[in-house]
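J.: Okay, handing you the structure first.
The values are calculated or read from the model by the stated rules, or taken from the named source; none is laboratory data. Note that this is a predicted model, so its numbers are computed, not measured. Ideal geometry is used to build each Cβ from the backbone, glycine not excepted, and the neighbour counts take in all protein chains shown.
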Amino acid sequence: MKALILAAGLGTRLRPHTAITPKPLFTVAGRTLLAIHIRNLQAAGGEAVLVNTHHRHAEIERFVAAQRFDMPVITRFEPALLGTGGAIKNAADFWDHRPFMVVNADIFSTIDLRQVYAFHLRHRPAATLVLCDDPDFNTVSVDARGRVIDFSTRPADGAPRRLTFTGIQVLDPVILDYLPDGRFAHSVDAFQAMIADGRTVLACIPENPVWKDLGTPERYRATARELSAAAAWRVAFGEDPAAALAWEQIEGDGSDRCWFRVSAGSRSLVMADHGLRPATPVAEVDSFVTIGRHLRDKGLPVPEIFFSDTFAGLVFLEDLGGTSLQAAVQREKDRGRVMDWYRAIIDSLIALSMQGAGGFDTAWAFQTPRYSRELILERECRYFVDAFLNRVAGMNAGVEDFEDEFAVIADGALSHAVEGFMHRDMQSRNIMLKNGRWHFIDFQGGRLGPVQYDLASLLIDPYVGLTPAEQASLLDYGIRRLAAMRPTDAACFRQGFEHCALARNLQILGAFGFLSTVKAKPYFADYIPAALRSLSERLAAFGDRCFPKLKKILKQTTEKLGVAAKR
């Protein structure tokens, strides 16, 4: 049996995603649709497959050339789209005297193609169309004898039922007589002409078929989630789920990702949905997977990643439960116990920094490979001015107004840096407790940078609000623990810490401003007062002569917003 995979379409319903990636190369559970169809045809006894191409044809041709299939797979470029019928006719030199199979590329199905072909050989119609019942697409009229009699959107006279064409068909070579040479043609027109001539177009209706049309982003994403979840479950637990998977959306963070807990019985996974992968060399989902697996391989406390489909933007990982450091601290009355937690977390933070840097490939980073001066000035200092001072406080300030002071912050953070792996969002919502051990999540923004930055992020975190005395004690502890691992100049480390804390505090306020206004997540605004008080304390620590412009604008801002400058 030979087969044709129809892969030339423009994928208009899947735009803008198909502007870069042709729909046959969309992935489901980590495998491209095109490869799935080829493997299915191969398993059904296929001897050779032709893939017609047009839109983004070079990508499809490169993909096919890079694969190793157990049968010949040929691509045929159509300079102008020929339609389903035209593509079948254009392959006339490829067919032989036997019936052949045609499959649409933009579907997913587990229908047994070998049985479909055997059905056709038993009944010997001019064409066999595989049909299923899908109310969204039921337009094919079938009579009581299982013959296709019409393709109209309105039920045909004498048709007891209407069904959906799955895009899978077996055709006798006689169809070539009903198709024109070298021009666009619909196969439906050929079927109707054959029916008019008394030839049989037969319906093959499998029992309980798994079939999905993937022609829209919503349908594609739903299928990708469903099938990836099943694959992840098998990897995580070594078997299929005992019951239907339950999906519970869980609270996310400040990003646009969606989070779900996927469960069956007492078992569960967490899924992070990043959305379809953008056309960038490295996307956020790529960094999430590569950095997460790197850290896990180092024995560091991060969740295990069981399965990912980076094109679909899906990552399935270990469920760490629902207890974050923020939640634990809010419930705990014993500050001594809280300080014990923080000391344990600082131990892990230092290990993360030192060990995580070993073998870290900067090409994994989706933003910048290192914490740099440009990043500090643009994504922390400018962010503070634009998203917080101007958007939230209405101060009408310019970055140039603080240019010299921002330069001092950036240079101080970098010149005193103890470099390692840098998480860059080391705050209490990204630290989870499972089985008595604290774990770090949301590591996709990782890069090389100063360990002081992550330590500062942890200690000045407005979600928790450690007192200045607690912060000072934990900073001392962190310096001692680092010094036990490597030579450390305590005074130099402190200088780097104080400058990193300033940069982080500016970034926090910028983020709260952006998220509470642009992203319409007003609950982030609740933490602005704590972040402002923290910035006031950090600036005061440098003495009266340092950062006069920032101190002045901070005073004006706190007065305007009605925020107390001190705790």
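J.: Considering each of Ala236, Ala232, Ala244 in turn, give the residue that is aliphatic (A, V, I, L, M), in a loop (DSSP other than H, G, I, E, B) and more than 23 Å from Pro125 (Cα to Cα).
T.: Ala244
J.: Here is a further query. Does region 251-261 contain any residue that is surrounded by fewer than 21 Cβ atoms within 10 Å (Cβ to Cβ) and either part of a helix (DSSP H, G or I) or polar (S, T, N, Q) (or both)?
T.: Scanning region 251-261 turns up at least one residue that is surrounded by fewer than 21 Cβ atoms within 10 Å (Cβ to Cβ) and either part of a helix (DSSP H, G or I) or polar (S, T, N, Q) (or both).
J.: Yes or no: Asp177 assigned by TED's automatic domain parsing to the domain that holds Lys89 and either in contact (Cβ under 8 Å) with a residue 60 or more places away in the chain or buried (at least 22 other Cβ atoms within 10 Å of the Cβ) (or both)?
T.: Here the answer is no, as Asp177 does not meet what is asked.
J.: Cβ-Cβ below 9 Å, separation at least six or inter-chain, first residue in region 516-529 and assigned by TED's automatic domain parsing to the domain that holds Val392 and modelled with pLDDT of 90 or more, second part of a helix (DSSP H, G or I) and exposed (fewer than 13 other Cβ atoms within 10 Å of the Cβ): which pairs?
T.: That search, which allows pairs on different chains as well, returns Ser516/Pro522; Ser516/Tyr523; Ser516/Asp526.
J.: Assuming Glu374 fulfils every condition listed in (1) touching a helix residue (DSSP H, G or I) at 6+ places or on another chain (Cβ under 7 Å); (2) free of Cβ contacts under 8 Å to residues at least 60 places away in the same chain apart from one, which condition is it?
T.: If we test Glu374 against (1) touching a helix residue (DSSP H, G or I) at 6+ places or on another chain (Cβ under 7 Å); (2) free of Cβ contacts under 8 Å to residues at least 60 places away in the same chain, just (1) comes out false.
J.: Ok, one more. Look at region 434-452 and say how many of its residues are touching a residue at least 60 places away in the same chain (Cβ under 8 Å) and polar (S, T, N, Q).
T.: Of the residues in region 434-452, 1 are touching a residue at least 60 places away in the same chain (Cβ under 8 Å) and polar (S, T, N, Q).
J.: Another question, then. Out of (1) more than 16 Å from His17 (Cβ to Cβ); (2) assigned to a helix (DSSP H, G or I); (3) among the β-branched types (Val, Ile, Thr), the odd one out for Val282 is which?
T.: Evaluating Val282 over (1) more than 16 Å from His17 (Cβ to Cβ); (2) assigned to a helix (DSSP H, G or I); (3) among the β-branched types (Val, Ile, Thr) leaves (2) as the failure.
J.: Using the structure shown, decide if Phe384 is surrounded by 20 or more Cβ atoms within 10 Å (Cβ to Cβ), over 21 Å from Leu506 (Cβ atoms) and not charged (D, E, K, R).
T.: No.
J.: Within region 45-60, which residues are closer than 13 Å to Phe94 by Cβ and surrounded by 19 or more Cβ atoms within 10 Å (Cβ to Cβ)?
T.: Passing the criteria: Gly46, Val49, Leu50, Val51, Asn52.
J.: Among the listed residues Gly313, Gly299, which satisfies the condition of being surrounded by fewer than 22 Cβ atoms within 10 Å (Cβ to Cβ) and of a type outside the set (D, E, K, R)?
T.: Gly299
J.: Please enumerate the residues belonging to region 440-464 that are part of a strand (DSSP E or B) and either surrounded by fewer than 20 Cβ atoms within 10 Å (Cβ to Cβ) or in contact with a helix residue (DSSP H, G or I) (Cβ under 8 Å, 6 or more places away or on another chain) (or both).
T.: Phe440, Arg447, Leu448, Pro450 - these are the residues of region 440-464 that are part of a strand (DSSP E or B) and either surrounded by fewer than 20 Cβ atoms within 10 Å (Cβ to Cβ) or in contact with a helix residue (DSSP H, G or I) (Cβ under 8 Å, 6 or more places away or on another chain) (or both).
J.: Show the residue pairs meeting these rules: Cβ distance below 7 Å; 6+ apart or different chains; first residue within region 207-220 and hydroxyl-bearing (Ser, Thr, Tyr); second residue part of a loop (DSSP other than H, G, I, E, B) and crowded, with 19+ Cβ neighbours inside 10 Å.
T.: So the pair list comes out as Tyr220/Phe26; Tyr220/Leu214.
J.: I've got another one for you. Looking only at region 335-349, decide whether some residue is over 18 Å from Gln507 (Cα atoms), in contact with a Pro (Cβ under 9 Å, 6 or more places away or on another chain) and at pLDDT 95 or above.
T.: yes
J.: Give the residues of region 393-429 that are in a strand (DSSP E or B) and closer than 28 Å to Gly562 by Cα, sorted by residue number.
T.: Passing the criteria: none in range.
J.: Taking the condition within 16 Å of Leu202 (Cα to Cα), charged (D, E, K, R) and assigned to a loop (DSSP other than H, G, I, E, B), does Arg145 pass?
T.: It is true that Arg145 is within 16 Å of Leu202 (Cα to Cα), charged (D, E, K, R) and assigned to a loop (DSSP other than H, G, I, E, B).
J.: Could you please let me know if Pro99 is in contact with a His (Cβ under 7 Å, 6 or more places away or on another chain), of a type outside the set (Ser, Thr, Tyr) and surrounded by fewer than 21 Cβ atoms within 10 Å (Cβ to Cβ)?
T.: When the stated conditions are applied, Pro99 does not pass them.
J.: Could you tell me whether any residue of region 553-566 is modelled with pLDDT of 90 or more, outside any loop (DSSP other than H, G, I, E, B), of a type in the set (Lys, Arg) and out of contact with any Lys or Arg (no Cβ under 7 Å at 6 or more places or on another chain)?
T.: Yes, because at least one residue in region 553-566 is modelled with pLDDT of 90 or more, outside any loop (DSSP other than H, G, I, E, B), of a type in the set (Lys, Arg) and out of contact with any Lys or Arg (no Cβ under 7 Å at 6 or more places or on another chain).
J.: Any idea which of Ser324, Ser348 is more than 24 Å from Val282 (Cβ to Cβ), in contact (Cβ under 8 Å) with a residue 60 or more places away in the chain, surrounded by 14 or more Cβ atoms within 10 Å (Cβ to Cβ) and within 26 Å of the chain's Cα centre (by Cα)?
T.: Checking each option against the conditions leaves just Ser324.
J.: Among the candidates Arg122, Arg114, which residue alone is part of a helix (DSSP H, G or I), closer than 16 Å to Pro206 by Cα, of a type in the set (Lys, Arg) and within 38 Å of the chain's Cα centre (by Cα)?
T.: None of the others qualify; the one that does is Arg114.
J.: Being in contact with a helix residue (DSSP H, G or I) (Cβ under 8 Å, 6 or more places away or on another chain), at pLDDT below 90 and acidic (Asp, Glu) narrows it down to one residue among Asp189, Asp213, Asp157; which is it?
T.: Within the list Asp189, Asp213, Asp157, the selection yields Asp213.
J.: Test each condition in (1) assigned to a helix (DSSP H, G or I); (2) in contact (Cβ under 8 Å) with a residue 40 or more places away in the chain; (3) crowded, with 17+ Cβ neighbours inside 10 Å; (4) out of contact with any Phe, Trp or Tyr (no Cβ under 9 Å at 6 or more places or on another chain) for Gly478 and report the one that comes out false.
T.: Failed condition: (4).
J.: Now for a separate question. For Ala91, are the conditions met, namely being under 11 Å from Leu176 (Cα atoms) and among the aliphatic types (A, V, I, L, M)?
T.: yes
J.: Farther than 28 Å from Ala272 by Cα and in contact with a strand residue (DSSP E or B) (Cβ under 7 Å, 6 or more places away or on another chain): is that true of Gly496 in this structure?
T.: When the stated conditions are applied, Gly496 passes them.
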